[in-house]
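What follows is a set of notes on a single structure, which appears directly below.
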Amino acid sequence: MNAAYVDTSCLVAIAFASRLDRFDQLFASNLLEAELRAAFRREKVNADDTLLGSLSWVFPDRALTAEIGAVLDAGQLRGADAWQLACALYLSPDPRELAFLTMDRQQARVAEALGFVDRI
């Protein structure tokens, strides 16, 4: 018998992943790759590069001073969370035209305050 006990967080992650299917394109900064690979290593999980292969990477070609300022004016965040939102603003200066998906409550509050249209 091959059995497992499933924690809620595992099913939440699966439900979150299935919601990604409703988008034609998924964008992320390359910080996501570092965070994901660090979490996989920490949890001793083999990295699945197919997860990353579906993403289009956002590589800003300038400092994001204005975007970071707008993010921090909208609410307090850790640096990594502020960077993710700043990259989203760089990609779409009008946040109403882009969904921002996060499971982090504070990041979701700031995304909403900025005008992003969707969150998990």
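The values are calculated or read from the model by the stated rules, or taken from the named source; none is laboratory data. All figures in this text were calculated on a predicted structure; none of them were measured in a lab. Cβ placement follows ideal geometry from the backbone for every residue including glycine, while neighbour counts extend to all protein chains displayed. We work out accessible area using only protein heavy atoms, side chains counted, and drop any ligands, DNA or RNA first. Shrake-Rupley method; radii C 1.70, N 1.55, O 1.52, S 1.80 Å.
Which members of segment 56-73 meet the condition of being out of contact with any Phe, Trp or Tyr (no Cβ under 8 Å at 6 or more places or on another chain) and open to solvent by less than 90 Å² (accessible area, probe 1.4 Å)? Correct list: 63, 66, 69, 70, 71, 72. Listed by position, the helices (runs of 4 or more DSSP H) contained in segment 35-120 that have at least 2 residues being free of Cβ contacts under 8 Å to residues at least 12 places away in the same chain and more than 13 Å from the chain's Cα centre (by Cα) are 49-53, 65-74. Just one of the listed residues (57, 83) is among the aromatic types (Phe, Trp, Tyr), under 19 Å from residue 108 (Cβ atoms) and in contact with a strand residue (DSSP E or B) (Cβ under 9 Å, 6 or more places away or on another chain), namely 83.
For residue 77, the test of being surrounded by 10 or more Cβ atoms within 10 Å (Cβ to Cβ), on the phi < 0 side of the Ramachandran plot, touching an Asp or Glu at 6+ places or on another chain (Cβ under 9 Å) and modelled with pLDDT of 90 or more is passed.
Within segment 73-112, the only residue that satisfies the criterion of being aromatic (Phe, Trp, Tyr) and closer than 19 Å to residue 17 by Cβ is 100.
Restricting attention to segment 21-34, the residues that are in a helix (DSSP H, G or I), among the aliphatic types (A, V, I, L, M) and surrounded by 13 or more Cβ atoms within 10 Å (Cβ to Cβ) total 2.
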